[in-house]
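The values are calculated or read from the model by the stated rules, or taken from the named source; none is laboratory data. Fair warning: this is a prediction, and the values are worked out from it, not measured in the lab. We place every Cβ from the backbone using ideal geometry, glycine too, and count neighbours over all the protein chains shown.
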Amino acid sequence: MEYLFIHKPNDKSIILDLISDFKKYSKEELIKDYNRAVEIGIIGSRAQAQRLIALNVAFKTHFSKSPIKIEDNILIRLTDKIELFENDWRYLEN
């Protein structure tokens, strides 16, 4: 699941607003939101990409790492579902 994100001038303010919202989330809420994104998959909408970028920042703020991979500030990739484990997250075992 990947999305090629080409930045537009108004993206920054939208993403900053989303980051502000996500920073208020608990760790459990972040994980739930991320897992829902994995269930849906990347659908190719700009709004979804902006949301994933903001969610990535929030994960790094709360956990110092993120299950969302962003390469070269342009390619957004989701990994697998995760769970909260000892105040951190880990990938679910299949």
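Here N73 meets each of (1) at pLDDT 95 or above; (2) assigned to a loop (DSSP other than H, G, I, E, B) with one exception, condition (1). Set side by side, the residues K65, K60 differ, and just one is under 20 Å from D88 (Cα atoms), within 10 Å of the chain's Cα centre (by Cα) and of a type in the set (K, R), which is K60.
Once segment 9-36 is narrowed to residues that are of a type in the set (K, R) and without any contact (Cβ under 8 Å) to a residue 12 or more places away in the chain, the residue that is surrounded by the fewest Cβ atoms within 10 Å (Cβ to Cβ) is K24.
The residue that is nearest to L4 (Cα to Cα), among those in segment 60-78 that are surrounded by 13 or more Cβ atoms within 10 Å (Cβ to Cβ) and touching a Phe, Trp or Tyr at 6+ places or on another chain (Cβ under 7 Å), is I76.
For segment 36-44, check the following and say yes or no: at least one residue is in a helix (DSSP H, G or I) and small (G, A, S).
Yes: segment 36-44 contains one or more residues that are in a helix (DSSP H, G or I) and small (G, A, S).
Would you confirm, using the coordinates I've provided, whether E39 is surrounded by fewer than 17 Cβ atoms within 10 Å (Cβ to Cβ), closer than 20 Å to L84 by Cβ, of a type outside the set (A, V, I, L, M) and in contact with a Leu (Cβ under 7 Å, 6 or more places away or on another chain)? So E39 does not fit the description; no.
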